[in-house]
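*Asks:* Got a structure here, written out as structure tokens. Questions coming.
The values are calculated or read from the model by the stated rules, or taken from the named source; none is laboratory data. In this text, all values refer to a predicted model and were calculated from it rather than measured experimentally. Here the Cβ positions follow ideal geometry from the backbone for every residue, glycine too, while neighbour counts run over all protein chains shown.
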Amino acid sequence: YDHHHRNDHKDLRRWRIRTTAAAYPLFSNQIQLTKDSSSRHKLYQEAIKTSRDKFTREISFQSKDKDISLAKALLYVAAEDEAFMSFNREMDACSILNERRNVSSPSEAIDWDSLEQMPLGGKTIPEWLSELDAIAKEVEAELVSRDIGCHLVEVLEAVNLVLFESRGLTRSPVLVDSKHSYLHSVLSSRCGSAILLSIIYIEVCRRLGLTIVGSRVGEDFLIWPQTGYPEELFKVTSGHSLFAIVNGRCVEDPRSMASDLTGTSLLGLEIATNRDIIGIALANLIRLHWKRASRSNHGLMLTSPLRHVNDAGEKPNMMVKSNVPLLRPQDLRLAIMASERLLILQPHNWALRRDHGMMLYYNREYGKAVQELSICMAFAPEEEAEILEPFVEKLHLMRLESSWKSLGH
């Protein structure tokens with residue numbers, strides 16, 4: 001009897017689910033949408049983790065610097081950020097779905113199941129790498145059509161023709177749009193930051209067997225081919241030198257340090273490693289996303305709270321809770337992610353770790369902020385550590401106070 005009774009109950013439950021779904025199609029649709037959404041969440045979370053893992057392996061100090069692919073490293077950066085933003089969009093869509101039961105999910109079906117298949121601006125990572133291969137082949141075709149050899153100047157002229165005329169790449173004067181700071185977006189929109197255009201130039205020339213090196217000069221990052229005759233780069237033809245065509249207007253701007261360079265002084269510059277170049281691109285991303293995150297707090301600096309830390313009358317919880325300005329959370333998280341990657345490259349950079357800790361503070365991750373700022377104090381010069389110490393102490397007290405309150409004390 002018990003056996004038949006239990007089976008009757010199971011059949012009744014199955015019948016109720018079927019009839020409910022049949023009577024209310026939206027109920028059935030929402031079950032499927034919830035399953036689909038959960039699946040997408042997991043895919044994006046896996047893509048975020050895989051992107052970071054691949055980036056870390058690419059720039060690993062176990063690898064020789066010359067073997068690091070600038071393009072791969074920066075495409076992994078873009079993939080992680082894109083997966084993070086897509087995950088946020090999914091969460092927003094789920095919230096809307098839960099709040100308004102009669103609204104269908106706007107999310108599209110996902111037809112990829114690995115990072116290599118994830119679309120990034122309409123193409124996958126392997127396809128964006130192939131795009132750089134295609135540009136190099138266009139340069140080779142240009143050289144063949146001219147029926148000329150592979151003299152350095154001629155190769156550079158062909159690269160310049162393809163990149164800046166045929167492809168129409170241009171430098172963005174001001175970093176305000178994030179698409180100018182991601183490699184795939186620059187290849188797609190053909191407008192990007194100076195460092196991203198330099199990276200494209202380096203990657204294309206590497207495919208042609210030509211080594212391009214670079215160095216920071218003042219506020220600019222300049223590139224040139226490795227050559228024993230650098231004076232060739234400064235010969236003016238058609239109104240501009242090759243060095244100016246490759247590096248843009250800064251070379252001819254008298255206000256720029258780059259305008260003072262000559263073939264001789266070029267040889268004295270410190271050459272940036274591939275890790276250095278990736279670091280410059282990441283530092284630009286930090287600045288960009290921080291600027292976007294703090295847009296409604298004009299002039300806010302990461303270190304602003306440190307200036308007021310010695311106010312004896314200020315209570316710890318007031319310092320932390322009431323005075324922390326509201327920032328745009330997604331942009332702040334993107335800045336933190338860029339900072340995390342840069343710390344992998346520069347773990348002993350105390351100023352970078354301080355800024356990272358301050359971003360965590362602004363993001364109200366107080367425990368992590370205390371940890372990062374405490375590590376920073378171990379590396380920082382004594383005078384800087386003295387500025388940080390009272391701030392970290394107040395932050396630590398506030399954290400303890402919050403934990404006691406959460407326990408009901």
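*Asks:* Could you tell me whether T124 is among the β-branched types (V, I, T), more than 23 Å from D53 (Cα to Cα) and free of Cβ contacts under 8 Å to residues at least 24 places away in the same chain?
*Replies:* Here the answer is no, as T124 does not meet what is asked.
*Asks:* Another question, then. Which one of these does R364 not meet: (1) in contact with a Pro (Cβ under 6 Å, 6 or more places away or on another chain); (2) at positive phi?
*Replies:* Of (1) in contact with a Pro (Cβ under 6 Å, 6 or more places away or on another chain); (2) at positive phi, only one is false for R364: (1).
Residues are listed down the side, and each one gets a yes or a no for (1) at pLDDT 90 or above; (2) over 24 Å from Y76 (Cβ atoms); (3) assigned by TED's automatic domain parsing to the domain that holds A78:
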{"position": "A136", "(1), (2), (3)": "yes, no, no"}
{"position": "R146", "(1), (2), (3)": "no, yes, no"}
{"position": "C150", "(1), (2), (3)": "no, yes, no"}
{"position": "V159", "(1), (2), (3)": "yes, yes, no"}
{"position": "E165", "(1), (2), (3)": "yes, yes, no"}
{"position": "P173", "(1), (2), (3)": "no, yes, no"}
{"position": "K179", "(1), (2), (3)": "no, no, no"}
{"position": "C191", "(1), (2), (3)": "yes, no, no"}
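*Asks:* Looking at the range 152-187, which of its residues are within 20 Å of L120 (Cβ to Cβ) and touching a Cys at 6+ places or on another chain (Cβ under 7 Å)?
*Replies:* Across the range 152-187, the qualifying residues are S172, H180.
*Asks:* A further question on this structure: Would you pick out the residues in the range 363-384 that are under 19 Å from P347 (Cβ atoms) and not hydrophobic (A, V, I, L, M, F, W, C)?
*Replies:* K368, Q371, E372, S374, P381, E384
*Asks:* Further, regarding this structure: Out of the range 224-259, which residues are polar (S, T, N, Q) and either in contact with a Gly (Cβ under 6 Å, 6 or more places away or on another chain) or within 20 Å of E270 (Cα to Cα) (or both)?
*Replies:* Scanning the range 224-259 gives Q226, T227, N247, S256, S259.
*Asks:* Which of the following residues is assigned to a helix (DSSP H, G or I), modelled with pLDDT of 95 or more and touching a His at 6+ places or on another chain (Cβ under 8 Å): I336, I344?
*Replies:* Of the residues listed, the single one that is assigned to a helix (DSSP H, G or I), modelled with pLDDT of 95 or more and touching a His at 6+ places or on another chain (Cβ under 8 Å) is I336.
*Asks:* Just one of the numbered conditions (1) farther than 20 Å from V246 by Cβ; (2) surrounded by 16 or more Cβ atoms within 10 Å (Cβ to Cβ) is not true of E127; which one?
*Replies:* With (1) farther than 20 Å from V246 by Cβ; (2) surrounded by 16 or more Cβ atoms within 10 Å (Cβ to Cβ) applied to E127, the lone miss is (2).
*Asks:* Out of the range 261-293, which residues are crowded, with 22+ Cβ neighbours inside 10 Å and among the polar types (S, T, N, Q)?
*Replies:* none
*Asks:* Further question: Of the residues A351, A369, which single one is aliphatic (A, V, I, L, M), touching a Leu at 6+ places or on another chain (Cβ under 7 Å) and not in a loop (DSSP other than H, G, I, E, B)?
*Replies:* Matching residue, one of A351, A369: A369.
*Asks:* What are the residues in the range 217-249 that are polar (S, T, N, Q) and part of a loop (DSSP other than H, G, I, E, B), if any?
*Replies:* Within the range 217-249, Q226, T227, S238 meet the criteria.
*Asks:* Considering only the range 105-113, I want to know if a residue exists there that is under 26 Å from S181 (Cβ atoms), modelled with pLDDT of 70 or more, in a helix (DSSP H, G or I) and not small (G, A, S).
*Replies:* No, the conditions are met nowhere in the range 105-113.
*Asks:* Right, another one. Pull out all pairs, ordered by first then second residue, where Cβ-Cβ is under 7 Å, the residues are six or more apart or on different chains, the first lies in the range 254-265 and is touching a residue at least 12 places away in the same chain (Cβ under 8 Å), and the second is surrounded by fewer than 16 Cβ atoms within 10 Å (Cβ to Cβ) and part of a helix (DSSP H, G or I).
*Replies:* G263/E231
*Asks:* What residue, of K42, K10, K72, is surrounded by fewer than 18 Cβ atoms within 10 Å (Cβ to Cβ), at pLDDT 85 or above and not β-branched (V, I, T)?
*Replies:* It is K42.
*Asks:* Failed condition for G209, given (1) loosely packed, with under 15 Cβ neighbours inside 10 Å; (2) in a helix (DSSP H, G or I), with all others met?
*Replies:* The number of the failed condition is (2).
*Asks:* Now a separate question. Looking only at the range 250-304, how many residues end up being over 14 Å from the mean Cα position of the chain (by Cα), closer than 30 Å to Q62 by Cβ and not in a loop (DSSP other than H, G, I, E, B)?
*Replies:* Total satisfying the criteria: 3.
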